[in-house]
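A.B. asks: Got a structure for you, questions after.
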Amino acid sequence: MIIDWAQFTPGASLGGGALIGLAAALLYVVTGRIAGVSGIFGEALRGARDGGGWRWAFLVGLAAASWVLGGQPSGGEGRFDVPLPVLFVAGLLTGYGTRIARGCTSGHGVCGLSRLSPRSLVAVSCFMGAGMVTVAVLRWLSAVQA
Amino acid sequence: MRRLVEGGVAGVAGLLFGIGLMVSGMVEPAKVQAFLDVGGRWDPSLALVMGGAIAVALPVFQWGRRSRFPAPPHGPVEGRLILGSLLFGVGWGLSGYCPGPALLVAAGGNGEAMGYVVAMGLGMMLGTRFGARDLERG
């Protein structure tokens, strides 16, 4: 393992993380709702009728973040050269996977771990592990091609 | 009135959440992949994002569970929780996007993120139709 100290951003990452935690705590304390983005987006798409207006409000707030900070919300190239069709498949996997697992990095990661949920601990271990294996395969493929 | 408060708070929470994603670096696919690249040049920053978020949220959620929103016991670990999380991990590793940052970057006009979000929405609708039951919370 080689730690990339030049790219390490402990202050910004810790501070940004604290803001994410604050947002999740605020939503939970006032409304009892879980700030899980895959659940919020998935249920909004499903057209859930249980007074789902708060979900659209959350999504608009999320989208508005880039205007408030006055810039492009980053994006950019990944570490590896992944063709568009593969990116599309990745989106399908993320959508289907988070739906049947009922949560993603925010719902299981931030909120679920904060609730000390064993389900969320299993989910986080699975998606982090699978993400690391996937990136290892991408690195191997890019080395073979080079 | 309750709906209005709920919507207002959700909007503010979404905005704070998005600013946190931008400040922390979660919106940079290359940085996310650098975090997952433990065998290469590893950038541990994103562990601190989750650490910082949990440090703030955990006490609040624990207090809430005890007093304000008495919660049922945690549910069982089922196969689709494991399978779904593994599939999501593959999608996350391939793209460097999890759902929140993907939506934020797509809203900012990035074409790749838009394509990813369309596919993610399709995947979610497939998940709602096949495989997901009892979806009352995320």
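A.B. asks: For the stretch B:44-51, check the following and say yes or no: at least one residue is closer than 25 Å to A:E43 by Cβ, among the hydroxyl-bearing types (S, T, Y) and at pLDDT 95 or above.
C.D. replies: From the stretch B:44-51, those closer than 25 Å to A:E43 by Cβ are B:49-50; that's our starting set.
After this cut, where a residue has to be among the hydroxyl-bearing types (S, T, Y) as well, the list is none.
Within the stretch B:44-51, none of the residues are closer than 25 Å to A:E43 by Cβ, among the hydroxyl-bearing types (S, T, Y) and at pLDDT 95 or above.
A.B. asks: Among the residues of the stretch A:81-108, how many are surrounded by fewer than 24 Cβ atoms within 10 Å (Cβ to Cβ) and either at the interface with chain B (Cβ under 7 Å from one of its Cβ atoms) or assigned to a helix (DSSP H, G or I) (or both)?
C.D. replies: First, pick out the residues of the stretch A:81-108 that are surrounded by fewer than 24 Cβ atoms within 10 Å (Cβ to Cβ): A:81-89, A:92.
Checking which are either at the interface with chain B (Cβ under 7 Å from one of its Cβ atoms) or assigned to a helix (DSSP H, G or I) (or both) leaves us with A:82, A:84-89, A:92.
Residues meeting the conditions: 8.
A.B. asks: Here's something else I'd like to know. Tally up the residues in the stretch B:33-67 that are at the interface with chain A (Cβ under 7 Å from one of its Cβ atoms) and within 27 Å of A:V133 (Cβ to Cβ), please. Please lay out each step first, then the result.
C.D. replies: Taking the stretch B:33-67 first, the residues at the interface with chain A (Cβ under 7 Å from one of its Cβ atoms) are B:33-34, B:36-46, B:48-58, B:60-61, B:64-65.
Restricting the remaining residues to those that are within 27 Å of A:V133 (Cβ to Cβ) gives B:33-34, B:36-46, B:48-54.
Summing the residues that are at the interface with chain A (Cβ under 7 Å from one of its Cβ atoms) and within 27 Å of A:V133 (Cβ to Cβ) in the stretch B:33-67 gives 20.
A.B. asks: May I pose another question? If we keep just the residues of the stretch A:109-143 that are basic (K, R) and in a helix (DSSP H, G or I), which is nearest to B:G79 (Cα to Cα)?
C.D. replies: The residue in question is A:R119.
A.B. asks: Among the residues of the stretch A:93-108, which ones are of a type in the set (A, V, I, L, M, F, W, C) and either under 18 Å from A:V137 (Cβ atoms) or touching a Ser or Thr at 6+ places or on another chain (Cβ under 8 Å) (or both)?
C.D. replies: Pass one, the stretch A:93-108, residues of a type in the set (A, V, I, L, M, F, W, C): A:93, A:100-101, A:104.
Across the stretch A:93-108, the qualifying residues are A:L93, A:A101, A:C104.
A.B. asks: Please count how many residues of the stretch B:83-112 are crowded, with 24+ Cβ neighbours inside 10 Å and either aromatic (F, W, Y) or in a helix (DSSP H, G or I) (or both). Talk me through it step by step, then tell me what you get.
C.D. replies: In the first step, residues of the stretch B:83-112 are kept if they are crowded, with 24+ Cβ neighbours inside 10 Å; the result is B:84-85, B:87-89, B:91-105.
Going one step further and asking which of them are either aromatic (F, W, Y) or in a helix (DSSP H, G or I) (or both), we end up with B:84-85, B:87-89, B:91-95, B:97, B:99-105.
Total meeting the criteria: 18.
A.B. asks: Could you count how many residues in the stretch A:20-53 are in contact with a Gly (Cβ under 7 Å, 6 or more places away or on another chain) and of a type in the set (S, T, Y)?
C.D. replies: Number satisfying all stated conditions: 2.
A.B. asks: Same structure, new question: Scan the stretch B:68-82 residue by residue and report those that are within 7 Å of another protein chain (Cβ to nearest Cβ) and part of a loop (DSSP other than H, G, I, E, B).
C.D. replies: Within the stretch B:68-82, B:F69, B:H74, B:G75, B:V77 qualify.
A.B. asks: Right, here's the next one. With the checklist (1) farther than 29 Å from A:G52 by Cα; (2) out of contact with any Asp or Glu (no Cβ under 8 Å at 6 or more places or on another chain); (3) surrounded by fewer than 18 Cβ atoms within 10 Å (Cβ to Cβ) in hand, flag the one item B:R41 doesn't pass.
C.D. replies: (2)
A.B. asks: So, one more: Could you list, in sequence order, all residues of the stretch A:60-80 that are buried (at least 22 other Cβ atoms within 10 Å of the Cβ), without any contact (Cβ under 8 Å) to a residue 24 or more places away in the chain and in a helix (DSSP H, G or I)?
C.D. replies: Those that are buried (at least 22 other Cβ atoms within 10 Å of the Cβ), without any contact (Cβ under 8 Å) to a residue 24 or more places away in the chain and in a helix (DSSP H, G or I): A:G61, A:A65, A:S66.
The values are calculated or read from the model by the stated rules, or taken from the named source; none is laboratory data. Everything quoted here is computed from the prediction, not taken from an experiment. In this analysis, Cβ positions are derived from the backbone assuming ideal geometry, glycine residues included, and neighbour counts consider all displayed protein chains.
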